[in-house]
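Scroll down for the structure; my scribbles are underneath it.
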Amino acid sequence: MKSKILIATALFGCVLGAGAQNYTMKVQTKDKGLQIIKASDIEKVTFEPANGDVETIGAKRMATYLKGLPIANGLARDNGSALISGRGEPVNLSTETSNKVPGEDTNGFPGYRITKTTKYKLTTGYNEIALFNPTADILYPGCVLKGNTIANGTYAAITDAQTGPVTFSISLAPENMQDASRCTQTYPNIRMSDYQKAMADWANISFHDCANVLIEDIHKVDNEKEFAFKFGFGVKSPIVDVAGNLGLNFNKRKHHLIARIIQKGPSVTVDFPRSGTLLESVPKDLLDDYQPVYVSSINYGRMLFICLDTDAKETDAKQALEFAIKKIKNSGVTVDVNEEMKYKNVMSCSDMKITILGGSKQFQSLVANADLEAVKTFLSTDIPFNQLYPVSMQLRFVSDNAVACVQPADQITCSETVFVKDFKRLVVKLKVTDIEADGGKGAPINSHAIVRGTLGIKDSKSGKEQTLWNAGKDSPLYYGQGKRSFNLQEVAKFTFLHNAEEDLQDMLEDNYIEFLPHLTNEKIAFRGVYEHQIKVPLDEVVRRFENDEPLVLQLSTGNEKWINIYIKPELRGTNKLGTQK
């Protein structure tokens, strides 16, 4: 037969070389019958082996053959470092800045706009791949994956491979020791359906509580690709719809920040093969000429995302998220009332969404309302194993069981237009608008304070004190009765000059407004005169004005009660020269 093929090919080659337009090729097949093809339409004729003739790598030479294959780009053998989840910090390659365009911002401050175009490379190296709505067909221990599909996030499984017996175990201790043998299971040539049987069996076992590891990180992201790289996520297809999954809108607001909390619990781990490799046979062409890897362990737990789309300063937004995480972790956060109000206002003025992976629908619906207390309850409540979520997985090379470290890299260009304040003179006006008595939850009914005295104020330049508010003979302030509003005429006014040689931000940080309370509470025997000074940096006064927030002075009235004085700032920047008062 082989000789006939060679002869026919040779004859046909001669025909093609001598006036091919006068000839046709007739091919008779069993299913389609006679087919006639013009010789002039034929470019090349080859004869390939049938699919059954594809070379298969067997168990005896598997390890040697796989070790001879190159490692795919984006993968490396781990050097023994501790497990690292994704930390893809950007490496700045270049930044270009446009010319200054003079103008005013939305608050009327003079300045200019510039556009910064930054090119940077996202690089990361992590040996534990975080998961975000992963495709279910690869998430089982012993699943073999093509090595060249890891860095790009497609994670293609080699389904036609034959594995030996795969033994895996869960890191939970059963309450009844008779169930201990069920915690380790073995399947020949494992498939997803086998693992689902094991999961169903474990769901019927009562386990002791296991220790949880809490991991947290916060990142600023500008697009879906950056999100995937910075958080070390695997499995590409679901990640492209970050907006749909997490509620981020990259076309709205200036900054986009994500806080992630991972609560890692039990894991399912594959035993190393007793001899040889995990693979016993595989068609050679399915490897794509790269070393394959396999899923060696899966970590289960819960993942929580707090996403902020905000126009606030990036530093303020990040601090607000850090504050939220501490509140969730119940780590004893103690901040003054101004700082706490600042963080809460940043979150309330931003688009915030909380997303959780793992747990019952009941808890997920509570957390969806962005209630930090509900989140705290959610994380402190034990949930059964069958409600836990796969939060990360580890890969190993089939050839030698070494941990596979993922090292993806990509280049991203981001453009951002920013407004830079630039003025020669800043006029600050302050006045008291409200006062409130707060006695906490345990304040008796009709309990009140009688505030007398004055509230002084001065600036850091002149040092001359003015009276901002005179308590006079105002009626008693009852605790828990809400704010009492004023329509006062007293206004403190200050003017600050900006030297052209001085950086404006330095000028705002170095100068401050100082409040001098000379107030007493005549309701208590020991009235206590409050002479302590409260300094507020000028840049904080500017921030409050821009966000339409009051300054809040919290003053004790004795017996663990206090009053809050609300002060409204009004600011105006100008390039007209004037004198500092």
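Where in region 456-508 are there strands (runs of 3 or more DSSP E), lying wholly inside it, with at least 3 residues that are farther than 30 Å from V420 by Cβ? Break it down into steps so the answer makes sense when it comes.
Working: elements: 466-470, 483-485, 492-497.
The strands (runs of 3 or more DSSP E) meeting that bar are 466-470, 483-485.
Does I262 meet the test of being at pLDDT below 90, outside any loop (DSSP other than H, G, I, E, B) and more than 30 Å from D539 (Cα to Cα)?
On the way: at pLDDT below 90: yes; outside any loop (DSSP other than H, G, I, E, B): yes; more than 30 Å from D539 (Cα to Cα): yes.
Spelling it out, I262 is indeed at pLDDT below 90, outside any loop (DSSP other than H, G, I, E, B) and more than 30 Å from D539 (Cα to Cα).
So that you can scan it fast, the table gives a plain yes or no per residue for (1) at positive phi; (2) surrounded by 13 or more Cβ atoms within 10 Å (Cβ to Cβ); (3) at pLDDT 90 or above:
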{"position": "D201", "(1), (2), (3)": "no, yes, yes"}
{"position": "H208", "(1), (2), (3)": "no, no, no"}
{"position": "V221", "(1), (2), (3)": "no, yes, no"}
{"position": "K230", "(1), (2), (3)": "no, yes, no"}
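The values are calculated or read from the model by the stated rules, or taken from the named source; none is laboratory data. Model, not experiment: these values are computed from the prediction. Cβ coordinates were reconstructed from backbone atoms using ideal geometry, including for glycine residues, and neighbour counts include every protein chain displayed.
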